[in-house]
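This report refers to the structure that appears directly beneath it.
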Amino acid sequence: MSRKIHLALHPYGVGGPGQHGLWKDPRIAKDASIDINYYIRQAQAAEHALFDALFIVDSQFINATYPAHYLNRLEPLTLLSAVATHTRHIGLVGTASSTYNSPFNLARRFASLDHISGGRAGWNVVTSFDTGTSRNYGLDEHLDYATRYGRALEFVEVARGLWDSYEDDAFPADVVRDLFLDPARLHELNHVGEHFKVAGPLNLSRSAQGQPVIFQAGVSEEGRDLAARVAEGIYAPGGSLEQAQDYYADIKRRTAAYGRDPEHIKIFIHGGPVVAATDEAALRREREIFEEDNDLVRNLALLGRSFGAYDFGAHDLDAPFPDIAHLAEKGGRTSAAGIIERARAEKLTLRQVAASANEFRRSPFVGAPETVADTVERWFAAGTFDGINLAFRTEEDLELFVDGVVPLLQKRGLFRTEYTADTLRGNLGLPVPVNRHTRERALAND
Ligand SMILES: Cc1cc2nc3c(=O)[nH]c(=O)nc-3n(C[C@H](O)[C@H](O)[C@H](O)COP(=O)(O)O)c2cc1C
């Protein structure tokens, strides 16, 4: 069977980072980010188009300068549980922080979503970009990279251990034998590690896909290493074709180095397609979108987010970019390092750096349906992704992609023409992890 492209939908309500003007679009309801029907409608449209997953990002820190969507949004697992009851096939991936959660609680919540959805849950493990989150959780400072990523690895290991608490035949529920539970099939975890001490067992059995699928979204050295060790999907930053190729090859290589099958980690690059009847109309629309979003005050705030929500108010806009690298050591180090490097190399002022944070960059996926399908095909063949994480401005834009581009990808044999599985693992071509206790017993009996 030829390799197929995976598609995920990434709805952003009234506008995420850089989408400063989106909330003003008359087609966007001002309460989209807290309207469950907005998410259900989009999930159903994406499911109708046979997409693999709906992806919900999250953060737990705001100030008044944050993107419109961040200011007023639903908690991802609550949101996805509601969407689960209105969909049947599409995967439901929610972002949750391993820095500001406890493994028992989060493992239980994801296992619940996995049951509610019939085996369609995914967890995007983040270590939290926003350093200010620490103050909402009793800490004066965000944990450093090494601690956050060490904690993330142990967190996932504990969650996976808890998800294996019950073997698949743990509940005979046999009235004749008066046996509801077979206690030999229930296992405590008794984990004692550097960051966590968790006894278990979890009070929830495994779902139709065994365990929720682990996603990860980090670009630093530490982030890539975590992905290679435990992730089954990645939300990658994208960039140019060459950058995407490098990232893809790097992650697959690291995954293989950990003794894992590189096919068992699916890399989704970000894509914000702009589709119109003609290439010219799409290119025009892309430029219009840029103008709608271009706002110096908002660009400055967005820039500050990479430096712990730093307020540039006290700085002269036309002076050289200030030396604030130390503020990003614990948060968005990778993006901050890139910003500082460029500011130094090109001798940019604060105003210029703020402008470059929202610089006009052509997306590769802009044009008439045929053009966009050609680019998707070319990028896929060039080894840049396994899937695309698609963000559209409006529901109309999603429709244009679904009606125009998806049929072309199907005609070319690049995208499914029907769902062949009901679980997220099934649709992504990921194996169901065998329960560790069942496996150990099988090995012992060999
Ligand atoms: C595509 C993508 C999506 C992300 N989504 C989130 C998110 O929803 N919440 C969050 O706190 N961080 C998110 N991040 C940030 C990462 O989790 C990470 O904190 C950030 O990239 C900085 O760490 P790094 O230097 O390891 O990349 C995302 C990153 C990428 C590339």
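Here, each number is a calculation from the coordinates, and none is a lab measurement. Just so you know, these numbers come straight off a predicted model, no measurement behind them. Because the Cβ atoms are built from the backbone with ideal geometry, glycine has one as well, and the counts that use them run over all protein chains shown.
Below is a table of values for the structure above.
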read-out: 3J(HN,Hα) from dihedral phi, the stretch 219-224, Karplus parametrisation 6.51/-1.76/1.60, rounded to Hz, x for glycine, proline; value: 10, 5, 3, 5, x, 5
read-out: VAL366 long-range amide H proximity, modeled H, under 5 Å; value: VAL274
read-out: Euclidean distance of C-alpha centroids, the stretch 370-446 and the stretch 113-188, integer Å; value: 25
read-out: Cα centroid separation - the stretch 210-234 against the stretch 7-83, whole Å; value: 23
read-out: Per-bin percent of Cα-Cα distances, the stretch 295-356 [10 Å]; value: 24, 62, 13
read-out: Which of TYR66, SER117, ALA49, positive extreme of dipole for the stretch 46-123 (C-beta unit charges); value: SER117
read-out: The stretch 160-302, relative contact order in percent, only Cα pairs under 8 angstrom and at least six apart counted; value: 15
read-out: The chain: calculated mean residue ellipticity at 222 nm from DSSP helix runs of at least 4, using -39500 (n - 2.57); value: -12500 deg cm²/dmol
read-out: Those aspartates and glutamates that a straight Cα-Cα span of less than 16 Å connects to LYS197, excepting residues fewer than 8 apart in one chain; value: GLU154, GLU157, GLU188
read-out: Normalised convex hull volume, the chain, alpha-carbon set, Å³ per residue; value: 159
read-out: Loop-located GluC sites (Glu not before Pro) in the stretch 357-446, at most 16 other Cβ atoms within 10 Å (DSSP); value: GLU359, GLU418
read-out: Selection of GluC sites (Glu not before Pro), the stretch 100-186, meeting DSSP coil and at most 11 other Cβ within 10 Å; value: GLU141
read-out: Test item: Cα-centred dipole of the chain, Lys/Arg +1 and Asp/Glu -1 on Cβ, debye; value: 320
read-out: Surrounding net charge for GLY429, when Lys and Arg each add one and Asp and Glu each subtract one, Cβ distance under 12 Å; value: 0
read-out: Cα Rg, Dmax (largest Cα-Cα span) when computed across the stretch 78-127, Å; value: 10.7, 31
read-out: ³J(HN,Hα), Karplus 6.51/-1.76/1.60, whole Hz, each residue of the stretch 153-169, x for Gly, Pro; value: 4, 5, 4, 5, 4, 5, 4, 5, x, 5, 5, 9, 4, 9, 6, 5, 9
read-out: Which of PHE129, PHE307, PHE51 has the fewest Cβ neighbours within 10 Å, and the rest in rising order; value: PHE129, PHE307, PHE51
